[in-house]
Amino acid sequence: MQRSQTVCACTIAGSDPTGGAGIQADLSTFAAMGVWGLSVITALTAQTPERVDSTWVQPAPIVATQLKVLLEEFHIGAFKTGMLGDGSVIDTITDLLPEGVPLVVDPVLVSSSGHRLLAEEAIELLKERLLPRATVITPNLPETEVLSGLSPLCSDDEVIRAGKVLLDLGAAAVIIKGGHRAGARATDLLITASTVIPLSSFRRPYPVHGTGCCFSAALTALLARGYPLPTAAQEAKCLISRAVSTEPVGRSGMRMVDPLQ
Ligand code: PLP
C-alpha cells in the first residue's frame, strides 16, 4: 500500500480563543500552507484581540504527555514554539524535542497589550536551553532587546549586532522582525553567521493581532515542506503581508491575520 505523503508540522504554544494568535492561528496558517497541523497546548488564555485578560499555564507533565503521544504516531517535519508560559514547560519540551528536525522558536515574552506570556524568571532558561536548539528564532524588536541585552536598537547596524549576540547563544539563524521599527516599510532582517537578508513589506496603518504567530507558523510549514530557510522566510513574509482580515472582527474593530482568506 502507498504510504501517506502528508507533511506534518507541530506547534507547541498557547491557546488564543479569538483565533487570531497562538495555537488557533498556527493551525489555520499550517492549513493555508498545505501542511497537516499538530498541536501541543502549553497554556489556556482568556483574551480579546486587544487585551489578554488571564492565562493558565498547563502543568509540565500534561504538556509532556501531549507531545510524547504525537511523537509516537507522526513523522513531524518541523516544530514551532510560541507562548511557553514558564520554565518547567521550557525544560520539558527541550528534553523531548527530537534532534535534527527544523525548530522555529518564536520567543513570545509579552503580548502587544503588555501582558506577560513567559514568566520573567524563565527568560534565562529560554536562552540557555531552547534557543541553542533553534533552526531559526523570530523575535520582534522588544524581544531582541531583552534577549540580547542591547537596548535601544535603532539602526540596522545595532539590530544586526543584537542578531549576532543571539547567534552566539547557539541559534543557527535569527529573523528580527521590523514591525516595531520606524519607517514607511516594515523590514525584517534574516541574520546568519555569513549573511544578512532584508525582507521588506509595506507598513499597515493599523495594528494587526497575531502577525508574529502566523509568520513563525508559515515559516515552520515551509521548512517542514523542505524549503531552504531564505526562501521559506520570503514566502512567509509574503503570506503575512497579504493575509489580513478584510474587515475588523469583533466589537473592538481590531484587525487579525487571516491566512485562509
Ligand atoms: N496569545 C497567545 C497565546 C500568543 O501566543 C500571543 C502572541 O504570541 C498573543 C496572545 C499576543 O498576540 P499579539 O501580541 O499579536 O496581540
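Below is a table of values for the structure above.
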| quantity | calculated |
| --- | --- |
| Square roots of 5 times each gyration tensor eigenvalue, C-alpha, the chain, largest first, Å | 24, 21, 20 |
| Computed helical MRE - 222 nm, the chain, DSSP H runs ≥ 4 contributing -39500 (n - 2.57), nearest 500 | -10000 deg cm²/dmol |
| Rounded, prolate or oblate (a/c below 1.5 giving rounded, otherwise prolate when a/b exceeds b/c) for segment 102-229 by Cα gyration tensor | rounded |
| DSSP beta bridges in the chain [antiparallel fraction, %, rounded to 5] | 45 |
| For segment 9-81, projected area of the alpha-carbon convex hull averaged over all directions, nm² | 4.8 |
| Space enclosed by the convex hull of the alpha-carbon atoms of segment 89-163, per residue, Å³ | 98 |
| Note, ³J(HN,Hα) from phi for segment 213-222, Karplus 6.51, -1.76, 1.60, rounded to Hz, x at Gly and Pro | 4, 5, 4, 5, 5, 4, 4, 4, 4, 6 |
| Per-pair calculated FRET efficiency, R0 = 30 Å: Gln5 and Val165 via Cβ, rounded to 0.05 | 0.15 |
| Estimated vicinal HN-Hα couplings, Hz - segment 98-112 in sequence order (Karplus 6.51, -1.76, 1.60; Gly, Pro = x) | x, 6, x, 10, x, 10, 9, 10, 8, x, 5, 10, 9, 6, 4 |
| Efficiency of FRET from Cβ geometry, Cys154 and Thr195, R₀ 30 Å, rounded to 0.05 | 0.85 |
| Gain in span if fully extended, Ser54 to Cys238, counting 0.36 nm per residue against the direct Cα distance | 63.0 nm |
| Local electrostatic count, Ser112, Cβ distance below 14 Å [Lys/Arg +1, Asp/Glu -1] | +1 |
| FRET efficiency estimate (nearest 0.05) - Cβ-Cβ, Ser113 to Lys68, R0 41 angstrom | 0.75 |
| Volume per residue that the Cα convex hull of segment 1-124 spans, once the total is divided by residue count, Å³ | 109 |
| Hz values of 3J(HN,Hα) by residue in segment 119-132 - Karplus curve (6.51, -1.76, 1.60), Gly and Pro given as x | 4, 4, 6, 9, 5, 5, 5, 4, 5, 6, 9, 8, 4, x |
| Size of electric dipole in segment 142-187: Cβ of Lys, Arg +1 and of Asp, Glu -1, about Cα centre, debye, nearest 20 | 160 |
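Bear in mind that the values in this text are calculations on the coordinates, not laboratory data. This structure is a prediction, so every number in the text was calculated from the model and none was measured. Cβ atoms come from the backbone with ideal geometry, glycine included; neighbour counts cover every protein chain shown.
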